[in-house]
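Heads up: the structure comes next, in structure tokens.
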Amino acid sequence: MVCAILAGCYLLSLVTSSFCLSYGHETIGIESRSLDAIYQAALKEKGTLKISWGGDGKSASTGIITAFTKRFPDVKFNLTVDLSKYHDSRADRTFDTSNGKDDGADVIVLQTVHDFPRWKEANRLLPYKVATWNDIQSPFKDEDGAFTGCFIYEFGIIVFNDNKVAKDIVPTSYHAFLKPEWRNKLALTYPNDDDAILCLFTLIVKRHGWTFINSLVSQNVTWLRGSGTPSELIAKPPSQNELTVSFAASTRVAAVVSSKLPTEDHYVTWPQTGAIFSSTKMPETAKLFMSYIMSDEWQATASASSGYATRKQFDKNGVLNQTLTNPLGFVTFMQDRTNVERWRFQFETTLGTPQGISPLLDNNIV
Ligand SMILES: *[C@@H]1O[C@H](CO)[C@@H](O)[C@H](O)[C@H]1NC(C)=O
Ligand SMILES: *[C@@H]1O[C@H](CO)[C@@H](O)[C@H](O)[C@H]1NC(C)=O
Ligand SMILES: *[C@@H]1O[C@H](CO)[C@@H](O)[C@H](O)[C@H]1NC(C)=O
């Protein structure tokens, strides 16, 4: 019951704020220091800041590591990329085996949005409101500052290589990929390996039915682990493979591919959410990292490709105003684990278990 109330805070933080406060922490103020002032405070702390960064490819982290190092050269940090479902699991196990003294990370930024209300309820999160707090759209932040929606990510965008196909013939509806000319050309991320891809496929089944999935499978789709992997393979020249297009892949990979927004189908967007664990021994350094990723400097970079952001100022295309995507729908989806599991096994029944080594270990795909 408490969980349900707290989960509701995430969606309807304005409406339920009185509930949240009664379960949450005392109201905390908004950060008033500049990044440089927080940096000075961080330099007094000893140690290496541990950041768990949800993602499934090496390129998920290169930008932030480079930028943070350049901006704050004297801060020691270790940012580790792994699938959110493994980062959260590892944090929970470390918490258990350390009798609640350690969460294995100081800062955590994940896709698994259902974890945060639970961690808040267990008093495992250090409330913090970055200086740009009032510019973050209410549905994406916890009223008490326990967690913050940092970026809007998306799946369902159509990704293609325009050296392999003329841009104007790439469809903008998923159904068109059932035509014979797309046979052998499709590279898609397994829906049963990543809950945001899974959410996308539930939207597809709701719109097009299971007959669509059966027809899709008969197109000889190349199913892959890691949302970056389809884009990486599509980006290879025609001499290396004939994979040309995807509608279940990340657009945020180093390899240059073109993309188109779907014009009829529903696609997935979500707030990639961050928090500081209250077990941190480096609270100022953790605050510095949160402040930096929510600063104008980094938000401008992070929102550039999609035009969507949790911060109003950078949400040029207005993610909450879209008719074909609903970032809060993903939050609701993730909170119902019974439903998520039922869907996952629906796809696994047809596709089998995800095959291939972890995309984070694959040295052939860079
Ligand atoms: C960074 O953290 C990861 C995960 O805890 C660990 O495996 C790795 O050895 C660390 N790297 C350094 C340079 O400390
Ligand atoms: C299926 O597609 C892959 C990737 O394009 C291709 O290498 C393979 O030959 C295709 N298999 C069949 C039976 O057409
Ligand atoms: C989204 O809709 C709201 C309410 O109608 C409006 O105030 C806001 O400007 C819109 N945002 C964008 C980016 O279109």
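For the stretch 318-344, the tally of residues that are open to solvent by less than 20 Å² (accessible area, probe 1.4 Å), within 16 Å of ligand 3 (Cβ to nearest atom) and closer than 15 Å to residue 273 by Cα stands at 1. From the list 117, 127, the lone residue that is touching a helix residue (DSSP H, G or I) at 6+ places or on another chain (Cβ under 9 Å) and either in a loop (DSSP other than H, G, I, E, B) or within 16 Å of ligand 2 (Cβ to nearest atom) (or both) is 127.
If we scan the stretch 272-292, do we find a residue that is at pLDDT 95 or above, closer than 22 Å to residue 229 by Cα and open to solvent by less than 20 Å² (accessible area, probe 1.4 Å)? Among the residues of the stretch 272-292, at least one is at pLDDT 95 or above, closer than 22 Å to residue 229 by Cα and open to solvent by less than 20 Å² (accessible area, probe 1.4 Å), which makes the answer yes. Of the residues examined, residue 315 is one that is under 19 Å from the mean Cα position of the chain (by Cα), buried (at least 17 other Cβ atoms within 10 Å of the Cβ), modelled with pLDDT of 95 or more and among the acidic types (Asp, Glu).
Close Cβ contacts (under 9 Å, 6 or more residues apart or on different chains) running from residues in the stretch 308-332 that are in a loop (DSSP other than H, G, I, E, B) to residues that are of a type in the set (Lys, Arg) and buried (at least 23 other Cβ atoms within 10 Å of the Cβ) comprise 310/141.
The number of residues in the stretch 188-224 that are within 16 Å of ligand 2 (Cβ to nearest atom) and either touching an Asp or Glu at 6+ places or on another chain (Cβ under 9 Å) or open to solvent by 10 Å² or more (accessible area, probe 1.4 Å) (or both) comes to 11.
Of all residues assigned to the stretch 346-363, none qualifies as being away from ligand 2 (no atom under 16 Å from the Cβ), under 20 Å from the mean Cα position of the chain (by Cα), of a type in the set (Phe, Trp, Tyr) and at pLDDT 95 or above.
Residue 250 meets all of the listed conditions (1) assigned to a helix (DSSP H, G or I); (2) within 16 Å of the chain's Cα centre (by Cα) but one, namely (1). Taking the stretch 137-239 and the strands (runs of 3 or more DSSP E) fully enclosed by it, the elements with 1 or more residues that are farther than 30 Å from residue 315 by Cα and within 26 Å of the chain's Cα centre (by Cα) are at 222-224.
Residues of the stretch 64-92 that are farther than 24 Å from residue 191 by Cβ and within 15 Å of the chain's Cα centre (by Cα): 64, 80.
Would you say residue 304 is under 19 Å from the mean Cα position of the chain (by Cα), under 20 Å from residue 149 (Cα atoms) and either loosely packed, with under 13 Cβ neighbours inside 10 Å or within 16 Å of ligand 2 (Cβ to nearest atom) (or both)? Even if it seems obvious, please write down each step before you answer.
Numbers: under 19 Å from the mean Cα position of the chain (by Cα): yes; under 20 Å from residue 149 (Cα atoms): yes; either loosely packed, with under 13 Cβ neighbours inside 10 Å or within 16 Å of ligand 2 (Cβ to nearest atom) (or both): yes.
Yes; evaluated as a whole, the condition is true for this residue.
The values are calculated or read from the model by the stated rules, or taken from the named source; none is laboratory data. Keep in mind that what you see is a predicted model, and the values were worked out from it rather than measured. Cβ sites come from the backbone with ideal geometry, for glycine too, and all protein chains shown count toward neighbours. Heads up: the accessible areas ignore ligands, DNA and RNA and are worked out on the full protein's heavy atoms, side chains in. Shrake-Rupley method; radii C 1.70, N 1.55, O 1.52, S 1.80 Å.
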